[in-house]
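Visitor: For reference, the structure I am asking about is given below.
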Protein chains: 2
Amino acid sequence: MKIALAQLNYHIGNLDSNANKIIESIEKAKQNNIDLIVFSELSVSGYSPLDMLEHKDFITDCELHIKKITEHTEGIATIIGAPTINPNPKGKNLYNSGIFISDKKILKTFNKTLLPTYDIFDEYRHFEPNEIFELIEYKGSKIAVTICEDLWDEQRTYGNFDKEILYKNNPLQYLSKLNPDFVVNISASPYSYNQASNRKEILINNAKKYNLPIVYVNQTGANTDLIFDGGSLIINKKGETVLEAKYFEEDFQIFDTDEINIKSPIIAKETNKYKNIYKALVIGIKDYFTKSGFSKAVLGLSGGVDSALTLAIAVEALGSENVAALLMPTTYSSDHSIDDAIDMAKRCNIKYHIVNIEEMRLKFEDTMSDIFAGTEQGITEENIQARLRGSILMSYSNKFGHILLNTSNKSEAAVGYSTLYGDMNGALSVLGDVYKTDVYKLCHYINDNVADIIPKNTITKPPSAELRPDQKDNDSLPEYDTLDTILFSYIEQKMSASEIEKIVPKRKTIKFILDLVNKTEYKRFQSPPILRISSKAFGFGRRMPIVAKF
Amino acid sequence: MKIALAQLNYHIGNLDSNANKIIESIEKAKQNNIDLIVFSELSVSGYSPLDMLEHKDFITDCELHIKKITEHTEGIATIIGAPTINPNPKGKNLYNSGIFISDKKILKTFNKTLLPTYDIFDEYRHFEPNEIFELIEYKGSKIAVTICEDLWDEQRTYGNFDKEILYKNNPLQYLSKLNPDFVVNISASPYSYNQASNRKEILINNAKKYNLPIVYVNQTGANTDLIFDGGSLIINKKGETVLEAKYFEEDFQIFDTDEINIKSPIIAKETNKYKNIYKALVIGIKDYFTKSGFSKAVLGLSGGVDSALTLAIAVEALGSENVAALLMPTTYSSDHSIDDAIDMAKRCNIKYHIVNIEEMRLKFEDTMSDIFAGTEQGITEENIQARLRGSILMSYSNKFGHILLNTSNKSEAAVGYSTLYGDMNGALSVLGDVYKTDVYKLCHYINDNVADIIPKNTITKPPSAELRPDQKDNDSLPEYDTLDTILFSYIEQKMSASEIEKIVPKRKTIKFILDLVNKTEYKRFQSPPILRISSKAFGFGRRMPIVAKF
């Protein structure tokens, strides 16, 4: 059986666009005499429509688009992903379905069994789990259709609990007993820098365990914070990879299943953590803009490493003609900061403006002088600088329709070393899931592999917010390698303070840092959406109470 | 059997405080010769600890506090609520449990069966559902212990889907077959203005259906956005109310179960929608401050109705000595605005300052004049005013440790008529779940029933943002009664545009408004937490994609 893997970039709720993309691929497949074309999970709606799924008219609209796609399936079998109505009188409204269509008819609807409801996933909020396990026979092949998490039955639970396995059910165990010729898995598997290798491992293990080939179709592109990396796969029953689609871009791959256990395994695509993070962030920005109908970005360029890296990524995503930067020095800004920022802007060939905020800062302080009379200068005055900059950037954004990119990194966001309504402003946080130590590594990756664009001085000088004279980040924080180790252990690994102490033997520092993380939940609650590149990003996937004692 | 209903105000994660409160009530119960004292759902941890539940050390800490409580149960039975570890090798890490303790021993742990995973609830994210149904026999009484949603088996699904019942399971059906003498239900039932009557209906229907008395213990107090209204109940097997605890405050009620079917039913407490919303918002502010360790608030007072109402509520919650207001006129502010604002501040007997932002506004525009040369004045300049005000309020907050209260209402938030990093600033949104039409009704309720504190002119004048000359809200929006009907139908009732048209026969207006709602998700994503008083508040309970086509 000749199959096509259609790895596409979908847009949530943009049903016309999604259906048209699907139909285009079906037509292309017909020209290639394909028997079966496979699209990814929720390909009709985009992943995830979240609470749009509670609107009946959205589901009705999905049904209309499924019908439209169905009209194009003469002579070809097609598997698409869509929400479908649960016809049972009790239970959730919907199923997360894989719909098998051929010759203008829906032959069978397969529903997802394992519904991820952790981290960024909320599937049990909307979907009823499947309990029926059947195959479909098409052109002499018996096919098991599964949906994403259905193959992740060995998913581990979070935290250091003794128990390890999250799910009690195991779809492939049931399906394998029905002797399928191969398994199809349609996915919406969000990128994080370890996900591609985890995914391969899961697929390979399943193929070997059940002695079954797996055809895996993922999607690509970004929807706000979530980035999909593609990398669709075909694994033979020995667990060898016989096809690997492109990463971070659309792809259309053809494979004859008759050859699935004959064809020699291919060499897996090289993976470089920083190359992938870079690609992910570029696609994250690009799709945020494209799918929102915007093309131009603005950011504040300080001469520091975070804004320089954000700019480099933005220029790659949007083109230098579409990115503008504002340099907003005060009296506390060092000369090298302005020079480095100008240098960076020139290297990127972007439009930039220098806006001296000194007079505004003084006018602000003057306006408040009666009320603030007798108080000492301190954090308030530092925040005023940050908020004036934030307001200037927003005024530029409002005036010229440039979307403001936030330049904060994950280490800062974690400890709350940022000003709400100041440097926390922005429609999208590009580096909010990138620890400071990784910010440096990404800069090196770009300078070494993409273009030598980030000034050396920006990378080598000690990091500083420059909100008061001679301020340095490590005046009040540990060095970033120590800080990031503590943060990673706590946030990604959910370790306790005493467990972290076994790695970083600094009890007081650990307590100080964890307290900062917990006390600044209120700030992160108002953060822009953050492009997710790790297994635990701030935002939708990490839900902490605000008014709580930790 | 003599039982006590302990209706307390818990603080998430503050295990010492929660355990001490529980122990105090146990000691009080002992003095009253109580046989069984009942606390509410997750009383040890507070509701809901959200992803704190993924930290093993948090669970260990809960266990230590359960042990401490257990030590105080000599001669008395106690039911507390806490997360407990699921000992099975597969499934979620935890159960949401009701723990039955007596004579320093845990006699039985009951786990929650129906795990709400909709709106603000995420219970299936953390908890494994119970599948075992047993009673406990204590001092000759057979007791069925259930947890909150366990009695809501007829919960309906969202939206206008044909299917109505969300759950496939029904704990009381199993438990009633074991012939209990009465049912205990421990709850954390968040307030919304219809919830108390829904809750009574559910309890009464269950009592009648199974011919069983129900002892229902809810909690009170607020945790960030969620407000618990108390109102614990005892219903006899005929479905009559024989005990009703206080609303919006802690309570300790004693009842002899031998009298449960003898005692005459009581007259239900009167309910007034606006009285309850007012009480809820007061407790919402009070607990946000108390539980965060703050006492003082600041807000921007414009002379308009939203900030006046917020101030009235804040003064009731925190005391007039703890609330400060800033009046920040520009050249577009009308005289009556300043007069009304001063009038309101004086009526509330609070400290206020007038900060004229005109010079700063001009300095800001002057600073940007080169960059903005040749452009027209418009939204950008309106937003500059709002952002300067927001920055001034935050500088006051930073300088004096006053927490900024946001004064936006739900109608504004819905259509995005507010400025990010300007009037959207604040640690807590007081009115973000109150439609503008209800803002007026609340003002009347307060003036008529609490104190005549809100100036008549503030209530009667046409609403305006006063960001440009002669601006009125209805220049660009429909009248608020029409607007709020459309918004309620869409947001709370999830109706489609064509369904709304049957109520408000204005197709173009509906489309315009729904488009505004959907296009401004990005703003609400960065909104402060909003005190929830409706069945569908913006925030954690309404999860919409940002980059999506609606």
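Visitor: Name the long-range amide H neighbours of residue A:260: under 5 Å, sequence gap of 5 or more, or other chain; modelled H, no Pro or chain starts.
Guide: none
Visitor: Further question on the same structure: In whole percent, and with a 1.4 Å probe on the protein chains, what portion of the accessible area of chain A is carbon and sulfur?
Guide: 48
Visitor: So in the protein assembly as shown, what percent of DSSP beta bridges are antiparallel if you round to the nearest 5?
Guide: 55
Visitor: Stokes-Einstein at 25 °C, 0.890 mPa s, Kirkwood radius from Cα pairs: D for chain A in µm² s⁻¹?
Guide: Answer from the Stokes-Einstein relation: 97 µm²/s.
Visitor: How big is the accessible area of residue B:115 in square angstrom, nearest 10, if you roll a 1.4 angstrom probe over the protein chains?
Guide: Here the accessible area works out near 10 Å².
Visitor: Let me check against my output: what whole-number percent is the relative contact order of region B:462-549, with C-alpha pairs under 8 Å and at least 6 apart?
Guide: Dividing the mean separation by the residue count of region B:462-549 yields 17 percent.
Visitor: Dipole magnitude of region A:49-91 about its Cα centre, charges +1 at Lys/Arg Cβ and -1 at Asp/Glu Cβ only, in debye to the nearest 20?
Guide: 160
Visitor: For region A:226-265, what is the convex hull (Cα atoms) projected area averaged across all directions, in square nanometres?
Guide: 3.2
Visitor: Per residue of region A:172-185, what does 6.51 cos²θ - 1.76 cosθ + 1.60 with θ = phi - 60° give for ³J(HN,Hα)? Whole Hz please, x for Gly and Pro, Karplus curve as stated.
Guide: 5, 4, 5, 5, 5, 5, 8, 6, x, 7, 7, 10, 9, 10
Visitor: Once you place label points 7 Å from the Cα toward the Cβ at residue B:503 and residue A:168, how far apart are they in nm?
Guide: Output for this residue pair reads 4.0 nm.
Visitor: Under the definition of Cα pairs under 8 Å and six or more residues apart, what whole-number percent is the relative contact order of chain A?
Guide: So the answer I get is 12 percent.
Visitor: Would you please give the residues with an amide H less than 5 Å from that of residue A:189, counting only those at least 5 places away or on a separate chain, with H modeled from the backbone geometry?
Guide: It is A:219, by chain and number.
Visitor: Hey, rough spin-label estimate for residue A:472 and residue A:197, points 7 angstrom out along Cα→Cβ, what's it come to in nanometres?
Guide: Spacing of the two 7 Å Cα→Cβ label points: 3.4 nm.
Visitor: Given H placed 1.01 Å from N in the peptide plane, which residues other than close sequence neighbours of residue A:184 have an amide H under 5 Å from its amide H?
Guide: A:144, A:145, A:146, A:215
Visitor: Moving on. At 1.4 Å probe radius, can you tell me the per residue accessible area of chain B in Å²?
Guide: 36
Visitor: Then there's this: Just counting partner chain Cβ atoms within 10 Å, what average do the residues of peptide B:388-400 show around their Cβ?
Guide: 6
Visitor: Further, regarding this structure: Taking every residue in B:149-161, how many Cβ atoms of other protein chains lie within 10 Å of its Cβ, on average?
Guide: Mean inter-chain Cβ contacts per residue within 10 Å come to 3.
Visitor: Next up: What is the ratio of the Cα radius of gyration of region A:182-229 to 2.2 N^0.38 Å, where N is its residue count, to two decimals?
Guide: After normalising by residue count via 2.2 N^0.38 Å, the value is 1.25.
Visitor: While we're here: Please tell me which of these pairs span more than 20 angstrom C-alpha to C-alpha: B:279/B:399; A:502/B:56; A:472/A:549; B:519/B:549; B:21/B:286; A:21/B:549?
Guide: Check vs 20 Å cut-off fails for B:279/B:399; A:472/A:549.
Visitor: Quick one: what are the phi-derived ³J(HN,Hα) couplings along region A:240-246, Karplus 6.51/-1.76/1.60 with θ = phi - 60°, whole Hz, x for glycine and proline?
Guide: 9, 7, 10, 8, 9, 6, 5
Visitor: Could I ask something else about it? Can you work out the FRET efficiency for the pair residue A:349 and residue A:33, with r the C-beta to C-beta distance and R0 = 41 Å, to the nearest 0.05?
Guide: 0.30
Visitor: Counting other Cβ atoms within 10 Å, keep those with at most 15, restrict to DSSP loop, and tell me which GluC sites (Glu not before Pro) in region A:240-314 are left.
Guide: Passing sites in region A:240-314 are A:249, A:270.
Visitor: On the principal axes of its Cα set, how long, how wide and how thick is region B:458-545? Give whole Å, largest value first.
Guide: 37, 34, 24
Visitor: Right, another one. When each pair of different Cα atoms in the protein assembly as shown is counted once in the 1/r mean, what is the Kirkwood radius in angstroms, to one decimal?
Guide: The Cα-based Kirkwood calculation yields 30.9 Å.
Visitor: Compute the signed sum of charges (Lys and Arg +1, Asp and Glu -1) over the other residues within less than 13 Å, Cβ to Cβ, of residue A:383.
Guide: +2
Visitor: For region B:12-88, just run the numbers: alpha carbon Rg, then divide by 2.2 N^0.38 Å, N being how many residues it has.
Guide: Dividing the Cα Rg of region B:12-88 by 2.2 N^0.38 Å gives 1.11.
Visitor: How many nm is it between the label spots at residue B:155 and residue A:273, if each spot is 7 Å from the Cα in line with the beta carbon?
Guide: Result: 4.1 nm between the two label points.
Visitor: Another question about this same structure. Pick out, from B:375, A:427, A:368, the residue whose Cα sits farthest towards the positive end of the charge dipole of the protein assembly as shown, with +1 on the Cβ of Lys and Arg and -1 on the Cβ of Asp and Glu.
Guide: So the residue furthest toward the plus end is A:427.
Visitor: Here's a follow-up. Which value, in square angstrom to the nearest 100, describes the accessible area buried between chains B and A on both sides, using a 1.4 angstrom probe?
Guide: Buried area between the two chains comes out at roughly 8900 Å².
Visitor: Placing the label point 7 Å from Cα along the Cα-to-Cβ direction, what are the distances from residue A:379 to the equivalent spots in the other copies, shortest first, in nm to one decimal?
Guide: Values, ascending and in nm: 3.4.
Visitor: Per-residue Cβ counts within 10 Å, from other chains only, averaged over A:89-95: what number is that?
Guide: If you average over the peptide's residues, the count of other-chain Cβ atoms is 6.
Visitor: Give the accessible area for residue A:544 in Å² (nearest 10); use a 1.4 Å probe, count only protein heavy atoms, and leave out ligands, DNA and RNA.
Guide: For residue A:544, solvent-accessible area is about 20 Å².
The values are calculated or read from the model by the stated rules, or taken from the named source; none is laboratory data. Computed from a predicted model, the values in this text were never measured in an experiment. A quick note on method: Cβ atoms are made from the backbone with ideal geometry, for glycine too, and the neighbour counts reach across all protein chains shown. Accessible surface is based on the protein model in full, side chains and every heavy atom, while ligands, DNA and RNA are left aside. Shrake-Rupley method; radii C 1.70, N 1.55, O 1.52, S 1.80 Å.
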